[in-house]
Amino acid sequence: MPGGKTLSCVLALFFARAAFASDSPKIPNIFRPESTPADQIYTISNFTLIISGLIFAVVFSLLVYAILKFRRPVSTDDFEPAQVYGSNQIELAWTVIPVLIVLVLFLATARVTQSVQDARPPAAAVEVTATGHQFWWEFRYPALGIVTANELHIPVSETTSPSPTFLTLLSADTDHSFWIPLLAGKTDLIPNRKNSMWMDPHKTGLYVGQCAQYCGTQHAKMLLRVYVDSREDFEAWVAQQKRPAASSESVVAGRRIFEETACVNCHAVAGTIAEGRFGPDLTHLMSRQTIASGAADNTHENLKLWVKEPEAIKPGSLMPAMNLNEHDLDALVSYLETLR
Amino acid sequence: MSATLLTPSTLESQWTLPSRGRVGMFCLIAAESAIFIIFVVAYLFYIGKSVSGPMPRDVLVLPIFATICLLSSSITIHLALSALTREQPGAFRLWWFVTFALGAIFLMETGIEWHHLIYDKGLTIRTNLFGTTYYSLVGLHASHVIVGLVLLLTVLMFSLVGRVSTEHKERLDVLSYYWHFVDAVWVVVFFVVYILGR
Amino acid sequence: MSTDSIALNAVNAAPRPWSAVVHSWVTTVDHKRIGILYILLALVFLVIGGIEATIMRIQLIVPHNHFVSPQFFNQMFTMHGTTMIFFVAMPIVFGFGNYLVPLMIGARDMAFPRVNAWSFWLTAFGGALLYLSFIGGYGLYGAGAAPDVGWFAYAPLTSPTFSVGHSTDFWTLGLLVSGIGSIGAAVNFVATIICMRCPGMTLGRMPLLAWMNLVMGAMVLLVISPLTAAQIMLAIDRFLGGHFFDTQAGGSAVLWMHFFWIFGHPEVYVLVIPAFAFISEIVPVFSRKPIFGYPVMVAATVGIGFVSFGVWAHHMFTVGMNSYANSFFALTTMVVGVPTGIKIFNWIGTMWGGRLQFKTPMLFCIAFLFQFLIAGLTGIMLACVPFNWQLSGSYFVVAHFHYVIVGAILFALFGAFYYWFPKMSGRMYNESFGKLHFWLFVIGFHLTFDFMHIPGLLGMPRRIYTYEPGRGWEIWNLICTIGVFFQAAGILVFVANLARSLLSGKLAGSDPWDAWTLEWSTSSPPPEYNFAQTPTVASRRPLWDLKHPEDPDLDL
């Protein structure tokens, strides 16, 4: 069935294109935190689970006991049991105990809430401004002067010299939510409002997540990839992103098509006349492993398909079909593939 | 057979519960108050947040005359109902008519104010946040005044053909609660829009 | 003494033409008929909503499925949620309340019978208007589209910029209309319970069902209005160019959230409190003991009513409110769990020392107790703000609220159906098929909603028409979908049982359960006027007093 074939194709492509050695995204299990906010959430979650579990065990046992012990026996005498109306002492007991539980749980909750929410960025923090769009992520590093889309690179944060990443969250259109379960709880991106969150990943690797607030037709494919790099790898990546767009004589035709059709209305390529902000910045398109915010791998076929017929990859996305003939399409894609 | 069920008892004559009409009207007033509170909260929240366009202090003039009319109508409706209790249908009709007229004058004044704001000051519901919240809140109140006036007019017409008497006192009391509610809402709206908001 | 002899024997009346029957139902102002109309409306929408859910679950059975398009899926979850809350749960709660409250308090009818009928027809019309969107959503531009903005319709997704066409307007207007109907129904409930109790029935002697409908009615008055206000504001934005939620003009998306959830959270208590009412009436009868702690149950219900107005922002913990606001709402949310827990203990206390009979209504009530306990505990987990930052917007939340609405409310409703069906129809249902329905539904419910918590814990957000493979979500989605078919089978057995029993079930008599409240003193079904003479009561359980004059019910 179509689903199965697509599944195996995607899996095959995935493993084939592993540019990073340890690249298989880990299952985003909230109980396997790898960053301080997620760690703190994990601790208090366990506390809450234990308390809930105890309450459940007690009440469940009482209920099961009552059902078993007070079943009406199959006998002929039909008397009514003692008509008990209540007991003030029991009511008091099972009011006071829950109130105490609530108090304890609340104090623990408030402490962790404050600790995560009110953290201030240290000097060595990497600052990223994330802007949510329908249906892609814009990432700017104001201090470093770089801009990318959909795939976030951040440095690993060592306990000896922490370098957490602090994100400022904005939105260009509707509500979105940034959620990478292994690294932090989610925070919403809301238009006309500035939110913030932080994470300090302990290990390198690829972390996956996706938009967690319904934002329109393609909310489901507004995927997130966070690459936690070692310090060296991160510096290398930043240096590469800072370079202006590659320009090559062999793709002059494709570049002309890009700059003379509607592409430049939405997309930007640093150092050229393309300065559109509605869609992702394409200056270093080929440094990304996926396109269409994770909806497809960054391959020649997919790039071509995306430009020709976005509806085939992400129906309802705001990328229009560009209606180019086959020759122009090939030239354009050749140009795009030089944007490393 | 026990006498606890299905027998009329002396208890029945002492068994009095609140009147349905009053309780029903209080419930309606509670629900309407909740709607107004939300509009007032939106108004307060957006004070000073308009990105452009005329600001309240540039265009709003205190509607003193209209307010006096509307608030006096609460007094006159009370006078009308007192007259009804004393079985003075003429006085009842007079004060009832005055109530209606005062409400109608209030509405007219609101219309004049809006005309001025729209055509002379360029403030419409879509101009900015102030325009949106102002017309919505004052308009919501005005729509309740209109409903009240329709009810008042209906009663007036019935009384003109002599069909209203003391036996209707309780129902008219219930109607007057609605009218007092409309006036009370105006006190809040006036304060929020013309005093706080400016 | 029974009133059977006073009631008209419907079997002997001459058969009327069906047009006369339809006319009498359409123009009725009798609370019993209006109650049944509400219940039938709810059942029709339950089936429609269930089909919408089934479509979604089939789409999600494997990753990257192509059963429906993303656009259609988004309409499905919007319509499913909107339908189930506004056109299934609300009407069914009003329906049972309408039927039972006057009978239980010894009244002839509701306080305002014509307003009652008007409220029902407004609700029905609102539902029809909402569903008209399927053919009218795009206005003139061909085939329609149902709203696809989610049942809580967050701004600015609902603004004219992002919601083109009229699909969102069908949502707004359909709910505005039915909301006015809800307010009418609530006015009736409050006025009836306060003003029309029979002599001797002080507030402290009313059945708990009456108390809970009183609290529910009072809540509806204050709860629907914020939604109505917000929808009027949205309509002003969409039709008149207003800027209430227009973020480009300085408007606030978060303000919509506040207004919506000020409605949305107390609304779920409006739905669950009548479920509590059913449990509080059924469990005592099948335990053969009075409810344990009546005054505490009343106090707890009123307490829940009040506190529930102060918890709404726990739906907004991820929105970026400051830590003080977040902590405040965490506290209130945990606090509201206390009176809720007290009620669970009181129900167990009622069963304790009793002689339990496991008839179908009681089975559903017992399942309610287990499931509501779990639902409440996952609610406490969600109240913990940091935990919420992971769980919110995920399938954990979807599992939690379905646990409450299906596992608690719907189960209690099934119990109520079986318990009062003999009274409403005069016939007994088939007990074996009732138990079959129960077990099918329990299996299906747990298959779907127990395992639904897990994808949430593994990072699966809600409202996605498809998902990526390799994240560990596939097996759980498969299991959830399988459970749907057991539930559907249960519903089929349920409907078939009731339909067949209506036609040829055993005659029930006025009091098949040996119960104690006033409705069981009338014939089954009751005559149009309910009571030949207004009853007088001297305790909370008038029929117990009649049956046990040596041990009258105490007002403790």
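The values are calculated or read from the model by the stated rules, or taken from the named source; none is laboratory data. If you're wondering where the values come from, they're calculated on a predicted model, not measured in any experiment. Backbone-built Cβ (ideal geometry, glycine too); neighbour counts: all protein chains shown.
Observations on the structure shown:
- C:Tyr467 passes every criterion in (1) of a type outside the set (Asp, Glu); (2) in contact with a Phe, Trp or Tyr (Cβ under 7 Å, 6 or more places away or on another chain); (3) at pLDDT 95 or above; (4) part of a helix (DSSP H, G or I) apart from (4).
- Any hit, the stretch C:433-442, residues being over 30 Å from C:Pro525 (Cβ atoms), in contact (Cβ under 8 Å) with a residue 12 or more places away in the chain and either within 12 Å of chain A (Cβ to nearest Cβ) or buried (at least 21 other Cβ atoms within 10 Å of the Cβ) (or both): no
- Here C:Leu173, C:Leu214, C:Leu208, C:Leu240 are screened, and the one residue that is within 13 Å of chain B (Cβ to nearest Cβ) and in contact (Cβ under 8 Å) with a residue 24 or more places away in the chain is C:Leu214.
- The number of residues in the stretch A:198-228 being more than 10 Å from chain C (Cβ to nearest Cβ) and hydrophobic (A, V, I, L, M, F, W, C) comes to 6.
- Note on the stretch C:372-405: among residues that are closer than 17 Å to A:Ala184 by Cα, crowded, with 24+ Cβ neighbours inside 10 Å and among the aliphatic types (A, V, I, L, M), the one that is nearest to the other protein chains (Cβ to nearest Cβ) is C:Val385.
- Unmet requirement for A:Tyr141, which otherwise passes all of (1) of a type in the set (Ser, Thr, Tyr); (2) within 10 Å of chain C (Cβ to nearest Cβ); (3) surrounded by 16 or more Cβ atoms within 10 Å (Cβ to Cβ); (4) within 34 Å of the chain's Cα centre (by Cα): (2)
- Number of the condition not met by C:Ser327 [criteria: (1) of a type in the set (S, T, N, Q); (2) surrounded by fewer than 24 Cβ atoms within 10 Å (Cβ to Cβ); (3) more than 7 Å from every other protein chain (Cβ to nearest Cβ); (4) touching a residue at least 24 places away in the same chain (Cβ under 8 Å)]: (3)
- Enumerated strands (runs of 3 or more DSSP E) restricted to the stretch A:85-165, each holding at least 2 residues that are hydrophobic (A, V, I, L, M, F, W, C), within 19 Å of C:Gly320 (Cα to Cα) and assigned by TED's automatic domain parsing to the domain that holds A:Ile180: A:126-133
- Leading residue by the ranking (surrounded by the fewest Cβ atoms within 10 Å (Cβ to Cβ)) among those in the stretch C:219-236 that are more than 8 Å from every other protein chain (Cβ to nearest Cβ) and over 22 Å from C:Phe94 (Cα atoms): C:Ala235
- So C:Asp551, is it in a loop (DSSP other than H, G, I, E, B) and more than 23 Å from C:Ile279 (Cβ to Cβ): yes
- Every residue from the stretch B:15-36 that is of a type in the set (A, V, I, L, M, F, W, C) and surrounded by fewer than 17 Cβ atoms within 10 Å (Cβ to Cβ): B:Trp15, B:Leu17
- Helices (runs of 4 or more DSSP H) wholly inside the stretch B:24-139 that include at least 1 residues being without any contact (Cβ under 8 Å) to a residue 12 or more places away in the chain: B:64-85, B:89-115
- Residues of the stretch B:71-117 satisfying the condition of being crowded, with 19+ Cβ neighbours inside 10 Å, aromatic (Phe, Trp, Tyr) and under 24 Å from B:Thr166 (Cβ atoms): B:Phe92, B:Trp95, B:Trp96, B:Phe100
- 3 or more residues over 24 Å from C:His64 (Cβ atoms): qualifying strands (runs of 3 or more DSSP E) within the stretch A:179-231: A:187-189, A:195-199
- Tallying residues that are away from chain B (no Cβ under 12 Å), surrounded by 23 or more Cβ atoms within 10 Å (Cβ to Cβ) and over 27 Å from the mean Cα position of the chain (by Cα) within the stretch C:505-546 yields 0.
- Scan of the stretch A:49-88 for residues that are in contact (Cβ under 8 Å) with a residue 40 or more places away in the chain and at the interface with chain C (Cβ under 7 Å from one of its Cβ atoms), ordered by number: A:Ile55
- Among the residues of the stretch A:285-314, the one identified as in contact with a Lys or Arg (Cβ under 9 Å, 6 or more places away or on another chain), farther than 18 Å from A:Ser334 by Cα and charged (D, E, K, R) is A:Lys314.
- In the set (1) over 16 Å from A:Ile50 (Cβ atoms); (2) within 10 Å of another protein chain (Cβ to nearest Cβ); (3) buried (at least 18 other Cβ atoms within 10 Å of the Cβ); (4) within 25 Å of the chain's Cα centre (by Cα), the condition left unmet by A:Glu91 is number (4).
- Residue among C:Phe387, C:Phe370 that is in a helix (DSSP H, G or I), at pLDDT 95 or above and closer than 30 Å to A:Arg72 by Cβ: C:Phe370
- Members of the stretch C:460-487 found to be hydrophobic (A, V, I, L, M, F, W, C), over 30 Å from C:Tyr154 (Cα atoms) and buried (at least 18 other Cβ atoms within 10 Å of the Cβ), listed by number: C:Phe486
- Here the stretch C:351-371 is the region considered, the condition is being over 20 Å from the mean Cα position of the chain (by Cα) and at the interface with chain A (Cβ under 7 Å from one of its Cβ atoms), and the residue that is surrounded by the most Cβ atoms within 10 Å (Cβ to Cβ) is C:Met351.
- Failed criterion for C:Pro199 (all others in (1) touching a residue at least 60 places away in the same chain (Cβ under 8 Å); (2) facing another protein chain (nearest Cβ under 7 Å); (3) assigned to a helix (DSSP H, G or I) hold): (3)
- Residue among A:Ile291, A:Ile257, A:Ile273 that alone is in contact (Cβ under 8 Å) with a residue 12 or more places away in the chain and surrounded by fewer than 18 Cβ atoms within 10 Å (Cβ to Cβ): A:Ile273
- The conditions of being of a type in the set (Gly, Ala, Ser), within 30 Å of C:Val338 (Cα to Cα), out of contact with any Gly (no Cβ under 6 Å at 6 or more places or on another chain) and within 14 Å of another protein chain (Cβ to nearest Cβ) are met by C:Gly456.
- Selection within the stretch C:149-170 - on the phi > 0 side of the Ramachandran plot and touching a residue at least 60 places away in the same chain (Cβ under 8 Å): C:Gly150, C:Ala153
- Failed criterion for A:Thr174 (all others in (1) touching a residue at least 40 places away in the same chain (Cβ under 8 Å); (2) within 9 Å of another protein chain (Cβ to nearest Cβ); (3) surrounded by fewer than 24 Cβ atoms within 10 Å (Cβ to Cβ); (4) not small (Gly, Ala, Ser) hold): (3)
- Exactly one residue among C:Ala299, C:Ala313, C:Ala275 is more than 9 Å from every other protein chain (Cβ to nearest Cβ), among the aliphatic types (A, V, I, L, M), within 23 Å of the chain's Cα centre (by Cα) and surrounded by fewer than 22 Cβ atoms within 10 Å (Cβ to Cβ), and that residue is C:Ala299.
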